[in-house]
Structure formats: structure tokens, C-alpha cells
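The block underneath contains the structure these notes are about, expressed in C-alpha cells.
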Amino acid sequence: MTVSLPQLIVSVPLFFVLFFGIGFILNMILKTTWFPVIAYTGLLIFFIVSKGGLMIVDMIIMFSGLAGAFVSGWAIKTLRVKGYRMF
């Protein structure tokens, strides 16, 4: 199955924002900074191994989700350094 260019353009920021939000919420609930990145990386490796390989478009979309999870950890870490106790 191929992905058209408009689908790719919408999917990349959608996955980034989706996993940023999920990671941010998990960081606030679990109080662990990098857990969402580790969990998403494990899920990504499992998906790649179980499917036997991915197309470059799939990799771009999935790595945009990984970037969102990473940025959520960085944002939580920055908020903690600046003194926000709830994070």
C-alpha cells in the first residue's frame, strides 16, 4: 500500500503531536522523564521485527512519533528544572 504526499504531510505532524501529548501525560502521571521514549522505541522495534521491514514512508511517520515522545521528555525535564513541582 502506498501513501500519497498529502497523507504523509498530515501524518507526520499528527504523529508528532499525538505522541508528544501521550508522552507528556505519562510523564506527569508516572513522574519518569524518558519512559515514553523507551516504551515507544521498544514498540517500534517490535513492530519492525514482526512486520519484517518497513517502507521509508512508514519509517518517516514512526520516527516523527519518536521525535514527539523525545520532545515531551525534554519539555518535562525543562519544566522541572524551572521549578514546576507538579512535573
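So, of the residues in the stretch 13-32 that are crowded, with 17+ Cβ neighbours inside 10 Å and free of Cβ contacts under 8 Å to residues at least 60 places away in the same chain, which turns out to be farthest from the chain's Cα centre (by Cα)?
Checked the stretch 13-32; the qualifying residue farthest from the chain's Cα centre (by Cα) is L26.
Within the stretch 56-87, track down each residue that is touching a residue at least 40 places away in the same chain (Cβ under 8 Å) and outside any helix (DSSP H, G or I).
Hits for the stretch 56-87 are M86, F87.
Every number here is computed from the coordinates shown, using simple stated rules; none is lab data. Worth saying up front: this structure is predicted, and the values here are computed from it rather than measured. With ideal geometry, Cβ positions are generated from the backbone for all residues, glycine too; neighbour counts draw on all protein chains shown.
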